[in-house]
Structures are given as C-alpha cells and as structure tokens.
Amino acid sequence: MRLLYEGKAKRVYELDRDVLVLEFKDELTAFDGAKRDQAPMKGVYAAALSAFLFSYLDSNGVYTHFIEYDGDRRIKVLRLEMIPLEVIVRNYAYGSQLRRMPLLRPLKKLERPIVEFHYKSDELRDPLVLPEDILEAGILTESELRDIVSLSLRVNELLSSLFQKHNLRLIDLKLEFGRRDSKIVLGDELSGDTMRLLDEEGRHLDKEAYRRGASPTELVENYRKILEILNVKIAPMKIEKKVL
Ligand SMILES: Nc1ncnc2c1ncn2[C@@H]1O[C@H](COP(=O)(O)OP(=O)(O)O)[C@@H](O)[C@H]1O
Ligand SMILES: [Mg+2]
C-alpha cells in the first residue's frame, strides 16, 4: 500500500482508487503539537471506537466512509475528497467557546446544540469561520452547507443518546466531511481525540484529561474504559456498504 499522508493521529494509505486505509498511531499530541507523547495502545482503542461508532451511525441511516475494521489499528474507508473544515457540535459550553464568550459558565447546557466551523489549517490554528465566509470562499455550496449542518446535528443526536444510555455525557464533538460523487459523506475519526465525553462523576474520558496533566498511560486507560462501558469488543468488523 502506498502511504499518501501522515498526520498527527493517523497514516493514510491508498488501497485502490476508491478505498483508503487509515492507520491510527499511538502518538498523543495536544496544544497544536506543543505537548506530545507516545501512548501504547491509543491507536488501537481509537480505531476500535471509530469503527464501532461509524457502523452505529451507518445502521441508523447516516452514510459514513467506514467499510471495515481489522481488529487492530486500521480501518478501511471510502476515499473522499475532504472538505477543509472542522465542524464542531456543542451540547455544553466548553473550551474555545468559553474563551470567546466568557458570559457562559463552563458546562452550561446549551438551549440547543451549536454547530460551528473552523477552517482546517495547522499554521493558522484552525480559525473559527462564519458560514458566510465558507460560501464566499467557495468551500461549500449553500445546499452542501445545509446538508452538513443537518448531518452534524443528526450525528450529534444519535451519539448523544447512545452515550446517554451508558451514563456518558457528550459535551462536544468534531466532525470532518468529504465529497463522493457530489454527495456529502462523514469521514475521518470518532474517538476520544475528537469529542469530549464525561463519565457519571464528571471525569473526562477524552483527551482533555491529558491536556490537564494526566499521563499518557492514564489517558489510554480512559480510552479503554470508553470501549468497556459501551461493550465494544476489539475484533474485526465489516459492514455492507454500497460504494457510491
Ligand atoms: N475517507 C477519507 N478520504 C480521504 N481523506 C480522509 C478520509 N478520512 C480522513 N481523511 C483525512 O486523512 C487525514 C487523517 O490524518 P490525521 O492524522 O487526522 O491528520 P491531521 O493531522 O491533518 O488532522 C486528515 O487529513 C483527514 O482529513
Ligand atoms: Mg486529524
């Protein structure tokens, strides 16, 4: 397989014209890469959780890029033309939202989920952008923008209620989308790196724990705990997928 790209969290390989392999690394980074560590098993747990959540979404009518999980640290996905945006859905006030709107108290439940967009750029540190900026820059058409907002809210609803059944609280969530055959498809990963998830006692099971000083080992233990709470087995899994 040809290595196409190596990012902070994953390696991307090309299997064929339509299918890529995402390999989840054990590298742990925070603060735009300023803090970094090796975290053995992190990649396996992130791949297993992503596979489980993508297949859950697929079986609930959200078309995702997920095809197959190898039971280790690789997932096969449909190749997408990625859109350079990070879409964040917030259920409770947290993180950069508190910095830009200090009147909100941390973990205040939002009246309704907020969907916000960041332009994906490491060197600009993923700046917040307006929907109008996205349209003006020609990144999305109006109808794609509408699709992304409604898909993001749907994904948030499905995942929030899944987690709630296991007494976990989804604070916020980062999504990436791509195009395939002019349709918008959910891509990238769904893991403790891309969402904030609190347990019953309000402890962070996600990467926030590491940002606040937890050791890499403690963080990986949290990621294992998420899988245990959701009853996810680390085993190969394949779903029936119509290739668009
Ligand atoms: N289905 C897909 N098709 C093509 N590219 C994808 C797909 N899913 C994710 N990607 C891209 O693969 C890369 C994953 O590597 P990652 O380590 O997360 O990179 P980064 O540091 O750029 O976020 C990202 O650039 C992401 O946008
Ligand atoms: Mg990434």
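The values are calculated or read from the model by the stated rules, or taken from the named source; none is laboratory data. Predicted model only: the values in this text are computed from it and were never measured. Neighbour counts run over all protein chains shown; Cβ positions are idealised from the backbone, glycine included. Areas reflect the complete protein model, heavy atoms only, side chains present, ligands, DNA and RNA absent. Shrake-Rupley method; radii C 1.70, N 1.55, O 1.52, S 1.80 Å.
Here are some notes:
- The set of residues in the range 20-53 that are within 9 Å of ligand 1 (Cβ to nearest atom) and under 23 Å from V155 (Cα atoms) comprises L20, L22, F24.
- Tabulated pairs, the range 47-65, first outside the structural domain of R180 (by TED's automatic domain parsing) and of a type in the set (G, A, S), second part of a helix (DSSP H, G or I) and away from ligand 1 (no atom under 15 Å from the Cβ), C-beta under 7 angstrom, 6+ apart or interchain: A48/L227
- Among the residues making up the range 154-205, those that are open to solvent by 40 Å² or more (accessible area, probe 1.4 Å) and among the polar types (S, T, N, Q) are S161, Q164, N167, S182.
- Looking across the range 29-46 at every residue that is touching a residue at least 60 places away in the same chain (Cβ under 8 Å) and within 15 Å of E189 (Cα to Cα), the one that is surrounded by the fewest Cβ atoms within 10 Å (Cβ to Cβ) is identified as V44.
- Residue count for the range 1-17, restricted to those that are near ligand 1 (Cβ under 10 Å from one of its atoms) and either assigned to a loop (DSSP other than H, G, I, E, B) or in contact with a helix residue (DSSP H, G or I) (Cβ under 7 Å, 6 or more places away or on another chain) (or both): 3
- Among the residues making up the range 101-119, a single one is in contact (Cβ under 8 Å) with a residue 40 or more places away in the chain and either in a strand (DSSP E or B) or loosely packed, with under 13 Cβ neighbours inside 10 Å (or both): P113.
- Among residues of the range 1-13 being open to solvent by 30 Å² or more (accessible area, probe 1.4 Å) and either closer than 20 Å to P236 by Cβ or touching a residue at least 24 places away in the same chain (Cβ under 8 Å) (or both), the one that is farthest from ligand 2 (Cβ to nearest atom) is M1.
- Looking across the range 179-200, the residues that are under 12 Å from I83 (Cα atoms) and within 16 Å of ligand 2 (Cβ to nearest atom) come down to L186, G187, D188.
- Filter pass, I234 being more than 16 Å from the chain's Cα centre (by Cα), away from ligand 1 (no atom under 14 Å from the Cβ) and among the hydrophobic types (A, V, I, L, M, F, W, C): yes
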